[in-house]
Amino acid sequence: MPHHTHDGIDWSARLHAMRRYGSLQAEALSSVARRLVAPLPDSPVVMDVGCGAGSMSVPLVSALREHGGGVLVLVDATPELLDAACAAARTEGDGVVTVKPVLADLAAEDPLSFAGPVELIWGSRVIHHLPDQLRGVKRLVEALAPGGWLALAEGGLETRFLPWDLGVGSPGLQDRMAAARASWFTAMRENMTGSVRLPVGWNVALADAGLGEISAFSFVVDHPAPAKQLVRDWAVDRLTWLSEITGPHLHPSDRDALRRLLNPSDSEYAGAREDVFLLETDTVHVGRRR
């Protein structure tokens with residue numbers, strides 16, 4: 001049986017797509033990991049919450065190894081993803097970094113009590129999938145050691161990967177899919193059991209959770225056209241997912257365009273186009289436990 005989380009998404013079915021995406025983010029995430037680990041004490045405990053397939057787990061292990069060692073705790077609610085992240089991280093750890101996988105649900109009672117004080121907690125695009133987002137942030141804060149850091153990658157700019165006029169369907173398909181995805185996300189949160197709105201920005205949420213020294217920075221993932229095949233394959237992954245969640249919100253002509261873009265036998269197949277690219281900007285919100 002598929003394992004669904006609070007958002008109703010079968011994340012295990014997205015394992016291969018997540019691995020591909022992580023490969024394209026690897027260079028940028030490595031820089032972020034080194035930046036976050038640099039100010040930590042010797043032999044720190046670092047936690048990757050909602051680790052997924054391990055896109056940040058591997059950069060964190062590498063940064064910890066350069067830092068002299070430590071412990072990386074991987075937390076996810078989907079067993080298949082946790083296993084994949086753990087295997088990848090342990091390969092990178094080279095015996096200097098201890099990797100501890102934990103199958104846990106952040107919305108459950110005391111999901112992080114196992115870890116003890118943690119010097120750094122990283123979470124990327126995970127809090128907005130919890131029913132009560134502020135409560136989730138507060139739980140993470142409780143797991144931090146005094147002076148420990150919480151870093152949440154949430155928000156940024158809309159990911160771009162298609163030209164404005166694809167030559168199939170009406171121009172501006174990506175913008176219409178972005179609007180449809182926003183409608184889907186709103187409905188997903190409204191239908192989530194126990195959903196609570198978070199009507200403030202992430203900096204305010206971190207302050208409301210009791211953190212100080214709050215700041216933010218953004219990082220860019222840039223693979224311009226003509227891109228390598230990995231980017232084109234990722235674009236197919238992205239379009240497949242978008243077609244699944246936005247289909248009911250799109251005009252029939254846009255759905256027809258998506259079918260052509262996702263058909264390997266079609267001349268407009270996204271996986272063979274030379275004008276596909278990847279450009280995204282993610283924002284990391286950081287706060288420190290007093």
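The values are calculated or read from the model by the stated rules, or taken from the named source; none is laboratory data. Everything numeric in this text was worked out from a predicted model, so none of it was measured. For neighbour counting, all protein chains shown are included, and Cβ atoms are generated from backbone atoms with ideal geometry for every residue, glycine included. Only protein heavy atoms, including side chains, enter the accessible area calculation; ligands, DNA and RNA are left aside. Shrake-Rupley method; radii C 1.70, N 1.55, O 1.52, S 1.80 Å.
The single residue among Arg19, Arg14, Arg65, Arg34 that is closer than 16 Å to Thr98 by Cα and surrounded by fewer than 21 Cβ atoms within 10 Å (Cβ to Cβ) turns out to be Arg65. Each residue in the range 274-288 was checked for being outside any strand (DSSP E or B) and of a type in the set (A, V, I, L, M, F, W, C), and 2 pass. Which pairs do you get when a residue that is farther than 30 Å from Gly201 by Cα, found in the range 215-237, comes within reach of a residue that is open to solvent by 60 Å² or more (accessible area, probe 1.4 Å) and not in a helix (DSSP H, G or I), reach meaning Cβ atoms under 9 angstrom, with the pair 6+ apart or on two chains? From the range 215-237, the pairs are Pro224/Leu279; Ala225/Glu274; Pro226/Glu274; Ala227/Glu274; Arg232/Glu274; Val236/Pro264. Scanning the range 37-62 for residues that are under 26 Å from Ala108 (Cβ atoms) and open to solvent by 10 Å² or more (accessible area, probe 1.4 Å), which turns out farthest from the chain's Cα centre (by Cα)? Looking at residues that are under 26 Å from Ala108 (Cβ atoms) and open to solvent by 10 Å² or more (accessible area, probe 1.4 Å), I get Val45.
Answer with yes or no whether Ala89 is of a type outside the set (D, E, K, R) and surrounded by fewer than 21 Cβ atoms within 10 Å (Cβ to Cβ). Even if it seems obvious, please write down each step before you answer.
Working: of a type outside the set (D, E, K, R): yes; surrounded by fewer than 21 Cβ atoms within 10 Å (Cβ to Cβ): no.
Against the criterion (of a type outside the set (D, E, K, R) and surrounded by fewer than 21 Cβ atoms within 10 Å (Cβ to Cβ)), Ala89 does not qualify.
Taking the range 244-290 only, how many residues are under 30 Å from Glu142 (Cβ atoms) and modelled with pLDDT of 95 or more? It would help to see each step written out before you state the result.
Taking the range 244-290 and keeping what is under 30 Å from Glu142 (Cβ atoms), we get 282-290.
From what's left, modelled with pLDDT of 95 or more: 282-289.
Selection size over the range 244-290: 8.
Among the candidates Gly147, Gly116, Gly95, single out the residue that is over 22 Å from the mean Cα position of the chain (by Cα), modelled with pLDDT of 95 or more and either more than 30 Å from His223 (Cβ to Cβ) or open to solvent by less than 20 Å² (accessible area, probe 1.4 Å) (or both). Reasoning before the result, please.
Values: Gly116 fails: modelled with pLDDT of 95 or more; Gly95 fails: modelled with pLDDT of 95 or more.
None of the others qualify; the one that does is Gly147.
Flag not set for Asp132, criterion: on the phi > 0 side of the Ramachandran plot and open to solvent by 10 Å² or more (accessible area, probe 1.4 Å).
Filtering the range 250-273 to residues that are touching a Pro at 6+ places or on another chain (Cβ under 9 Å) and either assigned to a loop (DSSP other than H, G, I, E, B) or at positive phi (or both) leaves only Arg273. Looking only at residues in the range 1-46 that are farther than 25 Å from Arg65 by Cβ and of a type in the set (Ser, Thr, Tyr), the one that is modelled with the highest pLDDT is Ser12. Scanning the range 80-108 for residues that are closer than 15 Å to Trp11 by Cα, out of contact with any strand residue (DSSP E or B) (no Cβ under 6 Å at 6 or more places or on another chain) and not small (Gly, Ala, Ser) gives Glu80, Leu81, Asp83, Leu103, Asp105.
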